[in-house]
Amino acid sequence: MPAPMSPCNARLACAIALLASLAACGGGSNPLDNPPQVANPATAGGQKLSFLYFQKCINPIFLMPLPAPDGGAVNTCAGAGCHANATGTGGAFRVEPGAQPVDLADPRNTPEVVRQSAMYKNFYSAQGEVVFGSPTQSRLLAKPRLLNVLHGGGQVFASDQDPAVRRIAYWISRPVPQGQDEFSAAGDSMFTPPNAKEGTCNTQ
Ligand code: HEM
């Protein structure tokens, strides 16, 4: 009958068995090593809304003086206490109040250059508050319309027929065709005549 294993040997045997089983789990040669790098590829796919329509028809809405419900100081969506990027309290939706329209016809304004602009930051933030194709489910409209949600800025738009609401709903309902980017010329069709520079903003 072999002599019983000392507690110390027993623990060592357990540790070796544990290490062996860890190695068998594909932990690579050293089970105490760091796990393999997690791949996190940039999302290339996914539909986009139109930047052309945004900068001419949506961004101005964020700068519009809004009648204060209590008749007090007039606010704007991009106002300092509201959605201004630097000072606002408006949650994740942030606006650069001084953003200037980008001349997309200027060859120096490549997509990489435009994506660095303040106007593009506003576009990206507003697009982040959208459920593509569904205006009423989109926070960008549900919040200022108080559609089954509260809004720190209260009710901004009282009716679906408000011209600003109709523009926001139109933009949300017409993402650019799949596979095209936010600068797609398909955005021209959202204007009358169908030209982002000359045309007026369609709402239907
Ligand atoms: C057209 C005008 C406006 C639009 C489109 C708008 C849109 C939004 C959106 C989408 C959110 C949610 C942000 C998130 O996902 O975290 C939000 C939140 C908020 N907004 Fe506005 N807003 C507008 C005007 C205002 C104004 C004028 C004020 C200030 C008086 C204001 C104050 C706030 C505050 C404090 C929050 C954070 C609390 C909350 O989630 O309700 N907003 N707004």
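Do we find that Asn85 is at pLDDT below 95, surrounded by fewer than 20 Cβ atoms within 10 Å (Cβ to Cβ) and in contact with a helix residue (DSSP H, G or I) (Cβ under 8 Å, 6 or more places away or on another chain) in this structure? Here the answer is yes, as Asn85 does meet what is asked.
Of the residues examined, Ser125 is not one that is open to solvent by less than 70 Å² (accessible area, probe 1.4 Å), farther than 22 Å from Thr192 by Cα and away from the ligand (no atom under 12 Å from the Cβ). Contact map, segment 79-93: first residue of a type outside the set (D, E, K, R), second residue in a strand (DSSP E or B) and open to solvent by 50 Å² or more (accessible area, probe 1.4 Å), Cβ cut-off under 9 Å, separation 6 or more or different chains; pairs are Gly81/Asn75; Cys82/Asn75. Would you be able to say whether some residue in segment 43-60 is modelled with pLDDT under 75 and over 30 Å from Pro177 (Cβ atoms)? No: segment 43-60 contains no residue that is modelled with pLDDT under 75 and over 30 Å from Pro177 (Cβ atoms).
Taking the stated definitions as given, is Arg115 open to solvent by 20 Å² or more (accessible area, probe 1.4 Å), farther than 18 Å from Ser50 by Cβ and among the basic types (Lys, Arg)? No. The set of residues in segment 128-147 being of a type in the set (A, V, I, L, M, F, W, C), touching a helix residue (DSSP H, G or I) at 6+ places or on another chain (Cβ under 8 Å) and surrounded by fewer than 19 Cβ atoms within 10 Å (Cβ to Cβ) consists of Val131, Phe132, Ala142, Leu147.
In segment 154-190, the qualifying residues are those that are of a type in the set (Gly, Ala, Ser), under 20 Å from the mean Cα position of the chain (by Cα) and assigned to a loop (DSSP other than H, G, I, E, B), and the one that is nearest to the ligand (Cβ to nearest atom) is Ser184.
The values are calculated or read from the model by the stated rules, or taken from the named source; none is laboratory data. Because the structure is a prediction, the values reported are computed rather than measured. Neighbour counts run over all protein chains shown; Cβ positions are idealised from the backbone, glycine included. Side chains are part of the model used for accessible areas, which takes the heavy atoms of the whole protein and leaves out ligands, DNA and RNA. Shrake-Rupley method; radii C 1.70, N 1.55, O 1.52, S 1.80 Å.
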